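First comes the structure, then the notes that go with it.
The values are calculated or read from the model by the stated rules, or taken from the named source; none is laboratory data. All of these numbers come straight from a predicted model, not from anything done at the bench. Backbone-built Cβ (ideal geometry, glycine too); neighbour counts: all protein chains shown.
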Amino acid sequence: MQAFVPWRAPLQGECAICDFHGIMLSMVNHKNPARIIRSAVKRSGTVRSPGQEKQRMPCRPHCWFRSNPHVVSSSNPTRRFERILGFGLMMLFAIVTAVGNYSSASAGEPDISPQTEMSITPVKQDSSAPLPVYHIPLRVHLNESERSASAFTDILGEINNIWLSQAGICFEVQVVMNDDVKYPGFDIWFVPRINDNDSINGLYSNAHSIYVRDMPILRPATRSAQHPAARTAAHELGHALGLPHRQDSDDNLMRSKTFGWQLNKDEIAIARKAAASRAIKHTIKPICGPIQVKP
């Protein structure tokens, strides 16, 4: 459905046609009624005389009625008043409906914002995991992500599950909505795409330049992680802790592009040695700390 009748060059001194009936019908069905209204305002005040450039002037009511004679075609004043009143009520109904639709559309998936509160169930340590637990700061940058903040509740929890349960390494997560890098610890960004390349799931450059796609594409594994973004982030953090790729099994964490999440004894030893030098504290407590959300 067209929002308006096509613009025509009005007669000299006549304002452009304001097709409020078209506006009304469009606002009821359109996903962005505010855009409809803005366009209506632009069109309604456009006038042009023959041979002249477009100019701006208010679209007066008498111009609109003159351009839409069907609204006031009756010679009976009472009938004309009823038509005008009915049309006004229709416009009011359309505006109320459009505002309601707009509010409903805006109440969908929550945006990521500095005020977003995220609570993660504390990650319990596996009884067989080595001690002490090394706690490393991890700043998670969500300012470029297209996913909702609530989606990261389980993702960040699973990252710590993978590392705490096997290697006794806990990432003390702080979620931020900026690109500020701080020491010590690691910085990781979740982004829609990496280097405009859909084949790259994650990229490790250094401790403060780690990138993970919002929705990585992974191959299945016998013992599979739940969230592809969590598995990919845990993999890239493995590189940050000194681990190379290991391509001998789809079930291991350091294999490329699979859901595998397991570490072997040698990998655990290497990762713990690196973690010991980066940890802000060593503890024997069985859980990781809560996530902090700051602007």
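Which of the following residues is at pLDDT 95 or above, assigned by TED's automatic domain parsing to the domain that holds GLN174 and surrounded by fewer than 15 Cβ atoms within 10 Å (Cβ to Cβ): ALA240, ALA269, ALA275?
Numbers: ALA240 fails: surrounded by fewer than 15 Cβ atoms within 10 Å (Cβ to Cβ); ALA275 fails: surrounded by fewer than 15 Cβ atoms within 10 Å (Cβ to Cβ).
Just a single option satisfies the conditions, and that option is ALA269.
Please verify whether LYS285 is basic (Lys, Arg), modelled with pLDDT under 95 and surrounded by fewer than 15 Cβ atoms within 10 Å (Cβ to Cβ), treating the condition exactly as stated. Judged against the criteria, LYS285 is a match.
Kindly check whether there is at least one residue in segment 188-199 that is without any contact (Cβ under 8 Å) to a residue 24 or more places away in the chain, among the basic types (Lys, Arg) and crowded, with 22+ Cβ neighbours inside 10 Å. Looking through segment 188-199, none of the residues is without any contact (Cβ under 8 Å) to a residue 24 or more places away in the chain, among the basic types (Lys, Arg) and crowded, with 22+ Cβ neighbours inside 10 Å.
Every condition in (1) closer than 21 Å to ASP187 by Cβ; (2) surrounded by 17 or more Cβ atoms within 10 Å (Cβ to Cβ); (3) hydroxyl-bearing (Ser, Thr, Tyr) holds for THR258 except the one numbered (1). Look at segment 76-95: where a residue is at pLDDT 65 or above and a partner is surrounded by 14 or more Cβ atoms within 10 Å (Cβ to Cβ) and of a type in the set (S, T, N, Q), sitting 6+ places away or on another chain with Cβ atoms under 9 Å, you get ALA94/SER26. Considering only segment 148-184, how many residues are crowded, with 22+ Cβ neighbours inside 10 Å, small (Gly, Ala, Ser) and not in a helix (DSSP H, G or I)? So the answer is 1.
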